[in-house]
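*Asks:* One structure, as structure tokens, below. Some questions next.
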Amino acid sequence: MSHVIAEIASQPECWSQALELTPEGLPEPGERVAVVGCGTSLYIAQAYAALREAAGLGETDAFAASELPEARSYDRVLAITRSGTTTEVLDALARTRAAATTAITGDLATPVTTAAGTVVDLSFADEKSVVQTRFATTALVLLRAHLGQAPADLPEQARTAVLDELPEEAVRAEQFTFLGTDWTVGLAHEAALKLREASGSWTESYPAMEYRHGPISISAPGRVVWFFGAPPAGLLEQVRATGATAVSSGLDPLADLVRAQRLAVALAERRGLDPDQPRNLTRSIILDQP
């Protein structure tokens, strides 16, 4: 069994543990916050930023760590970094002018523990696979719980997602488009990344209503359009009219992401690829300094 299969299956337990945590250093109501990350962590940052701002708890921006604006004023910078060693994240924490910095990490024996003012320990959700799954989702469960927006049955929904049969049309498909609205746009981007990383699949992702402005042109039989959350009115029918397979689940969108993770692994195995070792990727990106 690959590491990523075991890590995907362990998410219900990780989420249960995250729901019990009450860490210090997470954004307080009214703070102006920037959330930074790279790759998967960026998409989790986008989801959290949308949730927090929509809840009226304060302006919240999400940035790729390399793009954090130096001149913009924030009360807190929150960094999400599984490895704790990613160059761009450490640089962002070093150059920010924010009054407070917090890092959520899976490894306390790394430079981020001294780069950030406060560290949130998610080492129980750390991973061996290069492909991120449980660390990222556990971080978002923790952040949703801190906002008071994590359903109590999230772990049980994750168990359902781990065990449910995947749509056969999706396992056989040649192309995938993932769509979301509001906070689930970040989940759509993350699902597309998972399929690209693990299986080298042709995947795209968009805000759901942007799909009609161009991307719908590639939809066709043998291709999949996957919605995170309820599809906007009328869009499901337009997808079906293209002949593409439309996928929509009644699960919480984060639990539905678990199904997309499983799809990424299934596609990799179908193509004879090792989902633990994506081409050209490593667990952490550490760049040479000029």
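The values are calculated or read from the model by the stated rules, or taken from the named source; none is laboratory data. Note that the structure is a prediction, hence the values are computed from the model and not measured. Here the Cβ positions follow ideal geometry from the backbone for every residue, glycine too, while neighbour counts run over all protein chains shown. Keep in mind that these areas ignore ligands, DNA and RNA; they rest on the heavy atoms of the full protein, side chains included. Shrake-Rupley method; radii C 1.70, N 1.55, O 1.52, S 1.80 Å.
*Asks:* List the residue pairs whose Cβ atoms are under 7 Å apart, where the first residue sits in segment 35-48 and is within 15 Å of V258 (Cα to Cα) and open to solvent by less than 10 Å² (accessible area, probe 1.4 Å), the second is of a type in the set (G, A, S) and at pLDDT 95 or above, and the two are 6 or more positions apart or on different chains.
*Replies:* Correct list of pairs: T40/A136; I44/G37; I44/A136; I44/A139; I44/G186.
*Asks:* A follow-up question, please. I need the full set of residues from segment 163-201 which are assigned to a helix (DSSP H, G or I), among the hydrophobic types (A, V, I, L, M, F, W, C) and within 17 Å of the chain's Cα centre (by Cα), in order please. I'd like the intermediate steps shown before the answer.
*Replies:* Step one: filter segment 163-201 for residues assigned to a helix (DSSP H, G or I), giving 163, 168-172, 184-199.
Still in the list and also among the hydrophobic types (A, V, I, L, M, F, W, C): 163, 170-171, 185, 187-188, 191-193, 195, 198.
Answer for segment 163-201, where residues must be assigned to a helix (DSSP H, G or I), among the hydrophobic types (A, V, I, L, M, F, W, C) and within 17 Å of the chain's Cα centre (by Cα): V185, L187, A188, A191, A192, L193, L195, A198.
*Asks:* Based on this model, can you work out whether G25 counts as touching a strand residue (DSSP E or B) at 6+ places or on another chain (Cβ under 6 Å), on the phi > 0 side of the Ramachandran plot and either outside any helix (DSSP H, G or I) or open to solvent by less than 30 Å² (accessible area, probe 1.4 Å) (or both)? Quick ask: steps written out before the conclusion?
*Replies:* Details: touching a strand residue (DSSP E or B) at 6+ places or on another chain (Cβ under 6 Å): yes; on the phi > 0 side of the Ramachandran plot: yes; either outside any helix (DSSP H, G or I) or open to solvent by less than 30 Å² (accessible area, probe 1.4 Å) (or both): yes.
Answer is yes for this residue.
*Asks:* For segment 200-240, how many residues are farther than 26 Å from D252 by Cβ and among the aromatic types (F, W, Y)? Working first, answer last.
*Replies:* Quick first cut of segment 200-240, residues farther than 26 Å from D252 by Cβ only: 200, 202, 213-214, 216-218, 220-222.
Next cut, among the aromatic types (F, W, Y) only: 202.
Within segment 200-240, residues that are farther than 26 Å from D252 by Cβ and among the aromatic types (F, W, Y) number 1.
*Asks:* So if I check each of R259, R212, which one is more than 23 Å from A158 (Cβ to Cβ) and either touching a helix residue (DSSP H, G or I) at 6+ places or on another chain (Cβ under 6 Å) or not aliphatic (A, V, I, L, M) (or both)?
*Replies:* Values: R259 fails: more than 23 Å from A158 (Cβ to Cβ).
R212 is the lone residue from the list that is more than 23 Å from A158 (Cβ to Cβ) and either touching a helix residue (DSSP H, G or I) at 6+ places or on another chain (Cβ under 6 Å) or not aliphatic (A, V, I, L, M) (or both).
*Asks:* Please identify the pairs in which a residue from segment 233-255 that is without any contact (Cβ under 8 Å) to a residue 12 or more places away in the chain and under 18 Å from H213 (Cα atoms) has its Cβ atom under 7 Å from the Cβ atom of a residue that is among the aliphatic types (A, V, I, L, M) and buried (at least 20 other Cβ atoms within 10 Å of the Cβ), counting only partners at least 6 apart or on another chain.
*Replies:* R240/A246
*Asks:* For segment 78-112, how many residues are of a type in the set (S, T, Y), closer than 26 Å to V4 by Cβ and over 20 Å from the mean Cα position of the chain (by Cα)?
*Replies:* Of all residues in segment 78-112, those of a type in the set (S, T, Y) come to 81, 83, 85-87, 96, 101-102, 105, 110.
Imposing the further condition that a residue be closer than 26 Å to V4 by Cβ reduces the set to 81, 83, 85-87, 105, 110.
Those still in the list that are over 20 Å from the mean Cα position of the chain (by Cα) too: 110.
Result for segment 78-112: 1.
*Asks:* Something else about it: Among the residues of segment 237-247, which ones are part of a helix (DSSP H, G or I) and surrounded by 15 or more Cβ atoms within 10 Å (Cβ to Cβ)?
*Replies:* Here is the first cut: in segment 237-247, the ones part of a helix (DSSP H, G or I) are 237-241.
Correct list: Q238, V239.
*Asks:* List pairs: first residue in segment 164-183 and closer than 18 Å to E197 by Cα and touching a residue at least 12 places away in the same chain (Cβ under 8 Å), second residue of a type in the set (S, T, N, Q) and open to solvent by 30 Å² or more (accessible area, probe 1.4 Å) anywhere in the structure, Cβ distance under 8 angstrom, at least six positions apart or on different chains.
*Replies:* From residues that are closer than 18 Å to E197 by Cα and touching a residue at least 12 places away in the same chain (Cβ under 8 Å), the pairs are A170/T245; A173/T245.
*Asks:* Select from segment 248-285 the residues that are among the acidic types (D, E) and not in a loop (DSSP other than H, G, I, E, B) and write down the one among them that is modelled with the lowest pLDDT. It would help to see each step written out before you state the result.
*Replies:* Let us first name the residues in segment 248-285 that are among the acidic types (D, E), namely 252, 256, 269, 274, 276.
Checking the rest, the ones that are also not in a loop (DSSP other than H, G, I, E, B) come to 256, 269.
On the way: D256: 98, E269: 93.
Filtering first and then ranking leaves E269.
*Asks:* Next question. Failed condition for D182, given (1) on the phi > 0 side of the Ramachandran plot; (2) modelled with pLDDT under 95, with all others met?
*Replies:* (2)
*Asks:* Provide a single number: the residues in segment 182-236 that are of a type outside the set (K, R) and open to solvent by 50 Å² or more (accessible area, probe 1.4 Å).
*Replies:* 11
*Asks:* Condition first: part of a loop (DSSP other than H, G, I, E, B) and either among the aliphatic types (A, V, I, L, M) or free of Cβ contacts under 8 Å to residues at least 24 places away in the same chain (or both). Now tell me which residues in segment 202-232 satisfy that.
*Replies:* Applying the first criterion (part of a loop (DSSP other than H, G, I, E, B)) to segment 202-232 yields 211-214, 219-222, 229-232.
Listed by number, the residues that qualify are H213, G214, A220, P221, A230.
*Asks:* Please identify the pairs in which a residue from segment 126-145 that is farther than 18 Å from A255 by Cβ and hydrophobic (A, V, I, L, M, F, W, C) has its Cβ atom under 7 Å from the Cβ atom of a residue that is assigned to a loop (DSSP other than H, G, I, E, B) and open to solvent by 20 Å² or more (accessible area, probe 1.4 Å), counting only partners at least 6 apart or on another chain.
*Replies:* Close Cβ pairs satisfying both conditions: V130/Q277; V130/L281; V130/T282; V130/R283.
For every residue, the table says whether it meets (1) modelled with pLDDT under 95; (2) of a type in the set (D, E); (3) assigned to a helix (DSSP H, G or I); (4) touching a Cys at 6+ places or on another chain (Cβ under 8 Å).
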site: A49; (1), (2), (3), (4): no, no, yes, no
site: R52; (1), (2), (3), (4): no, no, yes, no
site: V89; (1), (2), (3), (4): no, no, yes, yes
site: A94; (1), (2), (3), (4): no, no, yes, no
site: A103; (1), (2), (3), (4): no, no, no, no
